[in-house]
Ligand code: ZN
């Protein structure tokens, strides 16, 4: 069975950055399972997997535009430290979910200046060109329940 829209696809993958350093891998885990065409994984990887079958191995280099987006300097904002009640100490690298008109957004603390906290709303992997080494291990039909939920159930997927 070929990878196409609405199919459940299982992959083993290793993700490296432009310097060849490993960022993430499914080594030692169940394969990652996703529903093709549902935005479960980045667009560049979905495109590269289209038409593949179990046993196929691919290497693909994905530019930021087809991965986690380019960096937007307007997403760097400063917020009064008073907004962080309940947090003892604000340190660079801490991540918070902030409520925005577009929904919850992950923001990363990049610095603290006096009573102002500098936040970066860019995805931590934005601006990066990503290299994926992928093996397709299984392709199957999605169940109606999986399509309704928009994610895979069972091993490698969600459990609800
Ligand atoms: Zn579900």
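The values are calculated or read from the model by the stated rules, or taken from the named source; none is laboratory data. Computed from a predicted model, the values in this text were never measured in an experiment. Cβ: placed from backbone, ideal geometry, glycine included. Neighbour counts: every protein chain shown.
The rows are residues; the columns are (1) assigned by TED's automatic domain parsing to the domain that holds residue 42; (2) in contact (Cβ under 8 Å) with a residue 60 or more places away in the chain; (3) within 27 Å of residue 34 (Cβ to Cβ).
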site: 80; (1), (2), (3): no, no, no
site: 88; (1), (2), (3): no, no, no
site: 92; (1), (2), (3): no, no, no
site: 103; (1), (2), (3): no, no, yes
site: 131; (1), (2), (3): yes, yes, yes
site: 143; (1), (2), (3): yes, no, yes
With the checklist (1) under 27 Å from residue 139 (Cβ atoms); (2) at pLDDT below 95; (3) surrounded by 16 or more Cβ atoms within 10 Å (Cβ to Cβ) in hand, flag the one item residue 79 doesn't pass. (1)
Are any residues in the range 55-68 at pLDDT 95 or above and in a loop (DSSP other than H, G, I, E, B), and if so, which ones? 55, 56, 63, 67
State yes or no: is residue 52 within 20 Å of residue 15 (Cα to Cα), touching a strand residue (DSSP E or B) at 6+ places or on another chain (Cβ under 6 Å), touching a residue at least 12 places away in the same chain (Cβ under 8 Å) and in a loop (DSSP other than H, G, I, E, B)? yes
The number of residues in the range 14-30 that are touching a residue at least 24 places away in the same chain (Cβ under 8 Å) and crowded, with 18+ Cβ neighbours inside 10 Å is 1
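For every residue, the table says whether it meets (1) closer than 15 Å to residue 133 by Cβ; (2) assigned to a strand (DSSP E or B); (3) over 21 Å from the mean Cα position of the chain (by Cα).
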position	(1), (2), (3)
14	yes, yes, no
23	yes, yes, no
41	yes, no, no
46	no, no, no
86	no, no, yes
93	no, no, no
109	no, yes, no
Number of positions in the range 111-153 that are within 13 Å of the ligand (Cβ to nearest atom) and in contact with a helix residue (DSSP H, G or I) (Cβ under 9 Å, 6 or more places away or on another chain): 2
Residue 156 versus (1) within 16 Å of the ligand (Cβ to nearest atom); (2) touching a strand residue (DSSP E or B) at 6+ places or on another chain (Cβ under 8 Å); (3) over 20 Å from residue 23 (Cα atoms): which is the lone unmet condition? (3)
